[in-house]
Amino acid sequence: MRIESLKLKNFRNYTEATFSFTDGLNVLYGKNAQGKTNCAEAVFYLCTGISLRQCKDRQMIQFTMPMATIEARANTVYGNIHLVAKITENSRELYINNNKIRRNVDLLGNLKGIFFSPKELRLVQDGPEERRRFLNLSISQISKSYYTALMRYNKILEQRNALLKSKDNQLIYETLSVWDMQLASFATEIVQRREEYIQVLLPLARERQAYLTDGREKLHLELECKGYNKEQLVKLQEIFAANIEKDIRLGYTSIGPHRDDLKITINDEDARLYASQGQTRTIALALKLAEVNVFKEIAGEKPILVLDDVMSELDLTRRRKLIAQLEGLQVILTCTHAEKVLFGKKVNKIKIVDGQIK
């Protein structure tokens, strides 16, 4: 899979620009705050339907302009594809090969991408929400059924939580079982798919971690279910029911995949608590590099790898190790000084100055 061209119009600081990408390494370079990450964000949006910065769509529109447009032409194992996103103040329109699509699930999987930036350290350092987001974004790109189950689960969860906040205990006890039955069904699918994904990801991530650390660190990943265990999935409806009083007191649903975590350990120590800054960077990078092969195994083709300002965070040894792992991939890499990170590689260099390609 590779992007041939990316056209931006009134997107962030780009009034109008067209990027031509090649196979292998494409380096976007220039001073800070020139628009390199904005290009990465545009690719991410066409892959996932959401912003890399987790902001509202209207924030991506250039100031005073009524609409922003992102357009890409790409090659996949299934043929050529043309993707367009038109973003306005209050809505958006998505097109695949000139056909308008109405659901985000129809966008997912057409253009597959993996993204890494220094902010990905949150994956290791922050709370469970960041690690759930990592799993959700990854699995959704290769499984539309997972994304659908996740969206339905979240909708039912929202309704269940609204009911818990109603303070009408009679209404809660009379109707909660209806929500619990649906919630348990989608929760089961989500947990099972996460577990399957982690089983594929783990050996690949462990191999990348060992490679990046010369075998000094052993990585382990495990899905942590809060308030139940994976063997109790068939009893989830009963477990939800058993927690009614606690949930009424709290005003929200206290257990389920929306509160689960991906536990990351290095040499049997909790990485969130004990990993150094350098170890944290290596773990995050190992996970992202492993994702590439998971996509290849499950979806049948390697994704586009976007590396945003990664080189500045790595020492020389790890830069070289990273470059060696990029063979056979289309990579979009952003940095401030292209000549310092290429190590003799033949690349497509694109200089960005104030939202323009120079």
Residue selected from segment 26-64 under the condition under 25 Å from Ser312 (Cβ atoms) and of a type in the set (Lys, Arg), by the criterion surrounded by the fewest Cβ atoms within 10 Å (Cβ to Cβ): Lys31
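Please work out if Leu204 is open to solvent by less than 60 Å² (accessible area, probe 1.4 Å), out of contact with any Leu (no Cβ under 7 Å at 6 or more places or on another chain) and under 24 Å from Ala290 (Cα atoms). Working first, answer last.
Working: open to solvent by less than 60 Å² (accessible area, probe 1.4 Å): yes; out of contact with any Leu (no Cβ under 7 Å at 6 or more places or on another chain): yes; under 24 Å from Ala290 (Cα atoms): yes.
Spelling it out, Leu204 is indeed open to solvent by less than 60 Å² (accessible area, probe 1.4 Å), out of contact with any Leu (no Cβ under 7 Å at 6 or more places or on another chain) and under 24 Å from Ala290 (Cα atoms).
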Options Leu212, Leu219: the member that is in contact (Cβ under 8 Å) with a residue 40 or more places away in the chain, surrounded by 18 or more Cβ atoms within 10 Å (Cβ to Cβ) and touching a strand residue (DSSP E or B) at 6+ places or on another chain (Cβ under 7 Å): Leu219
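Among the strands (runs of 3 or more DSSP E) contained in segment 287-358, which hold 2 or more residues that are open to solvent by 70 Å² or more (accessible area, probe 1.4 Å) and within 30 Å of Asn10 (Cβ to Cβ)? Working first, answer last.
Working: elements: 304-308, 331-335, 348-353.
In segment 287-358, 348-353 are the strands (runs of 3 or more DSSP E) which contain 2 or more residues that are open to solvent by 70 Å² or more (accessible area, probe 1.4 Å) and within 30 Å of Asn10 (Cβ to Cβ).
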Segment 223-236: number of residues that are open to solvent by less than 30 Å² (accessible area, probe 1.4 Å) and either of a type in the set (S, T, N, Q) or part of a loop (DSSP other than H, G, I, E, B) (or both): 2
Hits in segment 20-59 - residues which are under 30 Å from Gly79 (Cβ atoms) and over 23 Å from the mean Cα position of the chain (by Cα): Ser20, Thr22
Output for segment 164-222, where each listed residue is among the basic types (Lys, Arg), closer than 17 Å to Ala284 by Cβ and in a helix (DSSP H, G or I): Arg206, Arg208
Residues that are buried (at least 22 other Cβ atoms within 10 Å of the Cβ), aliphatic (A, V, I, L, M) and closer than 17 Å to Ile87 by Cβ, drawn from segment 8-25: Leu8
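To keep it simple, each residue is scored yes or no on (1) modelled with pLDDT under 95; (2) farther than 20 Å from Leu287 by Cα.
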{"site": "Lys100", "(1), (2)": "no, yes"}
{"site": "Arg103", "(1), (2)": "yes, yes"}
{"site": "Pro118", "(1), (2)": "yes, no"}
{"site": "Arg122", "(1), (2)": "yes, no"}
{"site": "Gln125", "(1), (2)": "yes, no"}
{"site": "Arg131", "(1), (2)": "no, no"}
{"site": "Leu135", "(1), (2)": "no, no"}
{"site": "Ser140", "(1), (2)": "no, no"}
Test: residue in segment 317-332 that is closer than 24 Å to Met1 by Cα and among the polar types (S, T, N, Q): yes
Filtered residue count, segment 51-72, keeping only those that are closer than 19 Å to Phe115 by Cα, in contact (Cβ under 8 Å) with a residue 12 or more places away in the chain and outside any helix (DSSP H, G or I): 5
Residue in segment 111-123 that is surrounded by fewer than 16 Cβ atoms within 10 Å (Cβ to Cβ), touching a His at 6+ places or on another chain (Cβ under 9 Å) and farther than 28 Å from Glu189 by Cα present: no
Subset tally (residues that are open to solvent by 30 Å² or more (accessible area, probe 1.4 Å) and within 17 Å of Arg102 (Cα to Cα)) for segment 72-91: 4
Segment 201-258, residues that are under 23 Å from the mean Cα position of the chain (by Cα), basic (Lys, Arg) and closer than 27 Å to Tyr173 by Cβ: Lys226
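The values are calculated or read from the model by the stated rules, or taken from the named source; none is laboratory data. Note that this is a predicted model, so its numbers are computed, not measured. Because the Cβ atoms are built from the backbone with ideal geometry, glycine has one as well, and the counts that use them run over all protein chains shown. Remember, those area values only see protein heavy atoms, side chains included, never the ligands or the DNA or RNA. Shrake-Rupley method; radii C 1.70, N 1.55, O 1.52, S 1.80 Å.
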